[in-house]
Amino acid sequence: MEEDKKTIVKDIKINLEEMTNAGLGVGHTVSRLHPKMKAYTSGIKNNTNVIDLEKTAKEFSKALKFISNLVADNKKIIFVGTKIQMKELVKKAAEDCDIPYVAERWLGGTFTNFETIYKRVEYFKDMEKKKAVGEFNKYTKKERLKIDKELESLRVKFEGIKNMSKLPEAVFISDLKKDITCAREARRKGIFIVAITDTNIDPDLADYPIPANDDAISSVKYILEKIKEVILQK
């Protein structure tokens, strides 16, 4: 591969051929193009905008450098991806990196009303501890079933952030349009936003936009794997 066909961040290679094969360059239909994403497109194929992967590589490199510096300074990042087909990818990548994540519905106020969310998380953790030591065994079967139902509800909401004791310095969002509420809250709290920006979204919503396909599992997986490599190099 020619030198100008790859960018290296701490030995992390962003390869145009691999990005092409992973489907990063396939945008949305022409009618859904956001005007500000036009600068990141290189043409049209089958009525679909084609993303310029050379520009993607450049922006992705900036994002990876930012994340690399972030973790080197012992600052925190959270992964957010609630689109159904991406949930497990986002969750696994975050767990591999031992960082917080939100893979279910974004709870309004997670950033902007963190103190209240944190109290609920502490309640969830306390309930888990009580269950683990058998404190609920004294209750009736009906009462225990009710407790288990509440625990499961809390687990769905808070499992990914139960070890997040303070607001993170950055958030990675796999689908900016789907999780726009998260992005707006991050902006209000001064949290840096790294996000995949498909052709149907305003890239200015992110501090570090990664112009790429946010619908294909292969595309999101490729991006998450590169981010994971950077984080695990800390």
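With the condition kept exactly as written, say whether any residue in segment 100-115 is over 30 Å from E229 (Cα atoms), among the polar types (S, T, N, Q) and in a helix (DSSP H, G or I).
Among the residues of segment 100-115, not one is over 30 Å from E229 (Cα atoms), among the polar types (S, T, N, Q) and in a helix (DSSP H, G or I), which makes the answer no.
What are the residues in segment 154-190 that are in a helix (DSSP H, G or I) and at positive phi, if any? Write out each step before concluding.
Restricting attention to segment 154-190, the residues satisfying the condition of being in a helix (DSSP H, G or I) are 154-161, 180-189.
Residues satisfying the conditions do not exist here.
Only one of these is under 20 Å from I14 (Cα atoms) and in contact with a strand residue (DSSP E or B) (Cβ under 7 Å, 6 or more places away or on another chain): I161, I210. Name it. Explain how you work it out, then say what you get.
On the way: I161 fails: under 20 Å from I14 (Cα atoms).
Exactly one of I161, I210 is under 20 Å from I14 (Cα atoms) and in contact with a strand residue (DSSP E or B) (Cβ under 7 Å, 6 or more places away or on another chain), namely I210.
K65: surrounded by 13 or more Cβ atoms within 10 Å (Cβ to Cβ), at negative phi and in the same structural domain as D214 (by TED's automatic domain parsing), yes or no?
Values: surrounded by 13 or more Cβ atoms within 10 Å (Cβ to Cβ): yes; at negative phi: yes; in the same structural domain as D214 (by TED's automatic domain parsing): yes.
Against the criterion (surrounded by 13 or more Cβ atoms within 10 Å (Cβ to Cβ), at negative phi and in the same structural domain as D214 (by TED's automatic domain parsing)), K65 qualifies.
Against the conditions (1) within 27 Å of I217 (Cα to Cα); (2) buried (at least 16 other Cβ atoms within 10 Å of the Cβ), where does F124 fall short? Just the number, please.
(1)
With respect to V26, is the statement that it is within 30 Å of K162 (Cβ to Cβ), among the aliphatic types (A, V, I, L, M), under 20 Å from the mean Cα position of the chain (by Cα) and surrounded by 13 or more Cβ atoms within 10 Å (Cβ to Cβ) true?
no
Are there strands (runs of 3 or more DSSP E) fully within segment 24-84 with at least 2 residues that are farther than 19 Å from K221 by Cα and in contact with a His (Cβ under 9 Å, 6 or more places away or on another chain)? List them. Explain how you work it out, then say what you get.
Numbers: elements: 26-29, 41-45, 48-51, 77-80.
Result: 48-51.
The values are calculated or read from the model by the stated rules, or taken from the named source; none is laboratory data. Remember, it's a predicted structure, so these values are computed and weren't measured experimentally. All Cβ positions, glycine included, derive from the backbone under ideal geometry; neighbour counts span all protein chains shown.
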